[in-house]
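These notes concern the structure reproduced below.
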Amino acid sequence: EDWSVSESVSLVEVKRAMEQLPEKYRYVVKLYLLEGYDHTEIAHILKLTQTASRTRLLRGKAYLRELLKEKNHGTGS
C-alpha cells in the first residue's frame, strides 16, 4: 500500500490530520500505520472482523488523504 504524502506535508501535519479522523477510523489507522499491527491483531484488539478492520483502514486512509489535500491547498483550517 502507498502511504506516501507530498514532501510539503510534515509528520506533525500528518499526525494532526490523524487526530481529526473519526474515532473508528483513527484507531485502525494508528494501530496499522504507527504501531505496525496487522488486521488480525487489530480485529482482536478492537473486537472487529478482519474485513471491518480493512474497510476502516481504507476509509480512514481516504479521509486522511482528503484532510492533507485540503491542508496542502490552503482550504483547510
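The values are calculated or read from the model by the stated rules, or taken from the named source; none is laboratory data. What you see is a predicted model, and the numbers here were worked out from it, not measured in a lab. Methodologically, a virtual Cβ is constructed for each residue, glycine included, from the backbone with ideal geometry; neighbour enumeration extends over all protein chains shown.
The condition of being assigned to a helix (DSSP H, G or I) and at pLDDT below 95 holds for only one of L68, L57, that being L68. Within the stretch 8-22, residues that are without any contact (Cβ under 8 Å) to a residue 24 or more places away in the chain reach partners that are hydrophobic (A, V, I, L, M, F, W, C) with beta carbons closer than 9 Å, at six or more positions or on different chains, in the pairs K15/L34; R16/L67. The single condition among (1) at pLDDT 95 or above; (2) within 13 Å of K71 (Cα to Cα) that E23 does not meet is (2). Would you say G36 is surrounded by fewer than 18 Cβ atoms within 10 Å (Cβ to Cβ), under 26 Å from V9 (Cα atoms), at pLDDT 95 or above and out of contact with any Gly (no Cβ under 7 Å at 6 or more places or on another chain)? For G36, the condition - surrounded by fewer than 18 Cβ atoms within 10 Å (Cβ to Cβ), under 26 Å from V9 (Cα atoms), at pLDDT 95 or above and out of contact with any Gly (no Cβ under 7 Å at 6 or more places or on another chain) - is met.
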